1. Would you mind stating whether A:Glu58 is touching a Pro at 6+ places or on another chain (Cβ under 6 Å) and either part of a helix (DSSP H, G or I) or open to solvent by 10 Å² or more (accessible area, probe 1.4 Å) (or both)?
2. If you take the residues of region A:14-32 that are at pLDDT below 95 and among the hydrophobic types (A, V, I, L, M, F, W, C), which of them is surrounded by the fewest Cβ atoms within 10 Å (Cβ to Cβ)?
3. When you scan region A:105-116, do you find a residue that is in contact with a helix residue (DSSP H, G or I) (Cβ under 7 Å, 6 or more places away or on another chain), open to solvent by 20 Å² or more (accessible area, probe 1.4 Å) and aliphatic (A, V, I, L, M), even just one?
4. Quick one: is A:Gly97 open to solvent by 10 Å² or more (accessible area, probe 1.4 Å) and more than 14 Å from every other protein chain (Cβ to nearest Cβ)?
5. For region B:43-57, indicate whether the set of residues that are more than 29 Å from B:Asn186 (Cα to Cα) and at pLDDT 95 or above is non-empty.
6. Can you go through B:Leu264, B:Leu226, B:Leu252 and tell me which one is farther than 25 Å from A:His86 by Cβ, among the aliphatic types (A, V, I, L, M) and surrounded by 14 or more Cβ atoms within 10 Å (Cβ to Cβ)?
7. Here are some conditions: (1) at positive phi; (2) more than 14 Å from chain B (Cβ to nearest Cβ). A:Cys208 meets all but one. Which one does it not meet?
2 protein chains.
Amino acid sequence: VAYAGVWQPPPGLLGNFPHLQAIFSLGAGVDHVTNDPALPRVPIVRIVDPDLTMRMSEYVALHVLMYHRRQRLYDAQQHERVWREHDQPPASEVAVGVMGLGVLGRDAAALLLRLGFRVAGWSRSLKALPGIETFHGPGGLEGFLRRTEILVCLLPATPATAAILTLDLFRKLKGDGAASGAYLINAGRGALQVDADIVAALDEGSLCGATLDVFPTEPLPPASPLWRHPKVTITPHNAAASDPRPLVANILRQIQRFEAGLPLDHVVNRGAGY
Amino acid sequence: VAYAGVWQPPPGLLGNFPHLQAIFSLGAGVDHVTNDPALPRVPIVRIVDPDLTMRMSEYVALHVLMYHRRQRLYDAQQHERVWREHDQPPASEVAVGVMGLGVLGRDAAALLLRLGFRVAGWSRSLKALPGIETFHGPGGLEGFLRRTEILVCLLPATPATAAILTLDLFRKLKGDGAASGAYLINAGRGALQVDADIVAALDEGSLCGATLDVFPTEPLPPASPLWRHPKVTITPHNAAASDPRPLVANILRQIQRFEAGLPLDHVVNRGAGY
């Protein structure tokens, strides 16, 4: 076995292949691979594919628009046969913030910009993106949060981002208390969030809604209070499902290039964890 | 009174102003003005404003994405604490069709194209739009419907479009019967649709879902079966709410131009009705 394409391999498994030359993660994240203490010292390749990117951006657009257009409020009105229009700020007055400006975060931010939102991004290192206000590093986080009403999290799970989504963080978000409070959309990794803090933030009002595709424990346990919380939308870690057709073709192209002596693309920096 | 800005004026009212020089509709449609048999023979100006256009396009994107990403199915699963992923076709395999290719239809179609969908459009007269397959006239309608899975209706209400959305039309839509059946989104005008035919199409399965912002009678009467139909999403005619700030500025610019001797923009063709 020279190449392994994996999703959540059992720890230790990949150490059994002495001829392994590269590991391909079948999803955008790689923490499911790097968490293995017996991982062989071969390159780990993230999947970067337009198909995967587009799926993530459409998930982000859908859930930002559901909050922006107050879809849950209109659903509740429909259930009560109520015909009532509410204030609708233009997108240009709504501040969306994207945490994580890798391939996925940049594409989502560009789509949100096309939709007319005021878009900012936060990342570990400084990035410059056209039309998007950028913040970076621990020192830039508070300024980013203070101007953000809808927070979209697309960070990778690394030691630096573990449990970054806390009650303290949510309290820094900008909510005007009226039409648009603060909202969270986490389609990054479950390890980024503290479930109990999300519930606390929703119950105290520092968050008005949360859309969660990922959880510290997946599948989300039936006992979790998130399932039936009236302000929570849950999807089963399918924001950007890996379609095997484009992904296999992508990996085969990488192997061909590698065997022709060319470098692999999108190799994980093990120090940074992504 | 030289200029009137109106929304659903009582019939006969505008005939009381002998010095009237132009009528400005405060919404995208003008049927609420042209239906007045005593309407004075002065220009009727449609509002065409980027703010209104962007609101309509975001409504269309939101509801197309809700169907594409099967949000109602995931909502139902969440209610039952079910963690289950379903097949998710890429947007490039989903055919969206936009009826009406005026300013609103063209912008919505361009946004859907940006989201990766296979987009086609149908209009009264032939139009060429980059990246969008176009059909036109009564002769082009069937071909347009046969390739369309998600039908977005942004037509104006005219004698030619009255009650165009019938059971017979819905039966021509492409539904694969599995993951993605056919869906209707009507954000055009209520006069375009036959409510009973929508219910019949949903109940027989030729439609799998309908999102309706407009109705023949508004507000939608409490007795309508649409309110509680499990496959219907209702919004209170607010797909593109008229924000007075940009619209008043737009009308004042038109009046200034008109008084300087320049022609009015977006004057309604009374023969066509839009």
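The values are calculated or read from the model by the stated rules, or taken from the named source; none is laboratory data. None of these values were measured; they are calculated from a predicted model. When we count neighbours, we look across all protein chains shown, and the Cβ atoms used for this are built from the backbone with ideal geometry, even at glycine. These accessible areas exclude ligands, DNA and RNA; they are computed on the full protein's heavy atoms, side chains included. Shrake-Rupley method; radii C 1.70, N 1.55, O 1.52, S 1.80 Å.
1. Judged against the criteria, A:Glu58 is not a match.
2. Going through the qualifying residues, I end up with A:Leu26.
3. no
4. Taking the combined requirement at face value, the residue does not satisfy it.
5. Checked against the condition, which is being more than 29 Å from B:Asn186 (Cα to Cα) and at pLDDT 95 or above, region B:43-57 yields no hits at all.
6. The conditions single out B:Leu264.
7. (1)
So that you can scan it fast, the table gives a plain yes or no per residue for (1) surrounded by 14 or more Cβ atoms within 10 Å (Cβ to Cβ); (2) farther than 26 Å from A:Ala22 by Cβ; (3) of a type in the set (Gly, Ala, Ser); (4) touching a Leu at 6+ places or on another chain (Cβ under 8 Å):
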{"position": "A:Asp195", "(1), (2), (3), (4)": "yes, yes, no, yes"}
{"position": "A:Ser206", "(1), (2), (3), (4)": "yes, yes, yes, yes"}
{"position": "A:Leu220", "(1), (2), (3), (4)": "yes, yes, no, yes"}
{"position": "A:Gly273", "(1), (2), (3), (4)": "yes, no, yes, no"}
